[in-house]
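Asker: Okay, handing you the structure first.
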Amino acid sequence: MMTMKKMPGMYSCREVHEFVATGMVDELGFMARMKFKMHVMMCHHCARYVRQIKALGYFVREAFGGAPDPERCQRIEDVVMAQCDGHH
Amino acid sequence: MAYTPPAEFGTPEFLARLQRQDRDAIQKVVHEFMPQILRAAMGAGLEEHEADDVTQQTFLTFIETLPRFEGRSQVRTWIFGILYHKLREARRGFQKQDKQDDIDDVLETRFNASGMWQTPPREADDDLWDTQIRRHLEECLETVPERHRLAFVLKEVEGMQGKEICNVLDVSTTNLGVILYRARNRLRECLEGRGFEERG
């Protein structure tokens, strides 16, 4: 792999990083996606950036993605439903 | 990854029960979405007791406003929208931010005039990884504005589609792109500064 030089018709590294960080990469059409993939295949800096951004999602799911304590959920649910009953 | 609510929640009969504040229908919804709302409140940066309180207030407002719920959005989107309003009431950080963000200036220095990396992403210091990632992640999340952090959590933890997050936060698709762009880059820059790269 190598660092890209901007070539006609290719995305720049700045464009690639914007597609990834905004989430626009999921909205790209077929040709645009091919151009994106081609750039990432050839540019090790962008490949690293893409891996890092994907890893952020993994980190945050690991840290915060677990189910909250069921007893805690039930306690709040009980309070909510008790107040709900009070209004009825 | 994508969450699918119980099919019953999308039926006209269930909507009618909710609108007339039927207790059993309410309890089903409260029970179903309690973990998600509580997790999002925690993920958005609230302390445990604040998260409990905001979650409770979110569901009470949900119940009060049910007669106005017309079913144009999904029940989950409606409840998360209430959560967002409660978070805005509770913390100034959830107010809409100024247009300029200092992370934009940091990113400007990363590229040259041709749009190529001039300060590329750095490699990881693997030694830091396994033992300290959670602490560093939590500290780095503190640097992300709360509203941006909520959008990021809804996307990455709750697996919401962009359109649903736009409805919850009442922003355009373009605005959401900017919010996620800033959240991800701020978090990445912070972790990079502490020696982390990719894994997972």
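Asker: Compute the Cα gyration tensor for region B:102-193, then decide on rounded, prolate or oblate, letting a ≥ b ≥ c be the square roots of its eigenvalues: rounded whenever a/c is under 1.5, prolate when a/b is larger than b/c in the other cases, and oblate in all that remain.
Answerer: On the way: a/c = 2.36, a/b = 1.22, b/c = 1.94.
Oblate shape, in that a/c is at least 1.5 and b/c is the bigger or equal ratio.
Asker: Then there is this: Other chains' Cβ within 10 Å of B:138-149 residues: what's the mean?
Answerer: Numbers: counts 3, 0, 2, 4, 0, 0, 0, 0, 0, 0, 0, 1.
The mean count of partner-chain Cβ atoms within 10 Å per residue comes to 1.
Asker: B:Arg72 versus B:Gln19, label points 7 Å from Cα toward the beta carbon: distance in nm?
Answerer: Those two pseudo-labels are separated by 1.4 nm.
Asker: Can you give the average number of partner chain beta-carbon atoms within 10 Å of each beta-carbon in peptide B:19-27, as a whole number?
Answerer: Details: counts 0, 0, 3, 1, 4, 0, 0, 4, 4.
Averaged over the peptide's residues, the number is 2.
Asker: Can you tell me the FRET efficiency between B:Glu32 and B:Glu89 if r is taken as the Cβ-Cβ distance and R0 is 30 Å, rounded to the nearest 0.05?
Answerer: With a Förster radius of 30 Å, E is 0.80.
Asker: Still on this structure, please answer the following. Over all residues in B:113-122, what is the mean tally of Cβ atoms on other chains that come within 10 Å of each residue's Cβ?
Answerer: On the way: counts 0, 6, 10, 10, 13, 1, 1, 8, 11, 2.
Mean number of neighbouring Cβ atoms from other chains: 6.
Asker: To continue, here is another question. Could you work out the helix-only [θ] at 222 nm for the protein assembly as shown, with each DSSP H run of four or more residues adding -39,500 (n - 2.57) and the total divided by the number of residues, to the nearest 500 deg cm²/dmol?
Answerer: Values: 13 runs with 185 residues, N = 288.
Theoretical 222 nm ellipticity from helices: -21000 deg cm²/dmol.
Asker: Another question about this same structure. Using a Förster distance of 51 Å, how high is the FRET efficiency between A:Ala82 and B:Ala2, based on the Cβ-Cβ distance and rounded to 0.05? It would help to have the intermediate numbers written out before the result.
Answerer: On the way: r = 33 Å, r/R0 = 0.65.
Once the sixth-power term is evaluated, E becomes 0.95.
Every number here is computed from the coordinates shown, using simple stated rules; none is lab data. Note that the coordinates shown come from a computational prediction; the quantities given were computed from them, not determined experimentally. For neighbour counting, all protein chains shown are included, and Cβ atoms are generated from backbone atoms with ideal geometry for every residue, glycine included.
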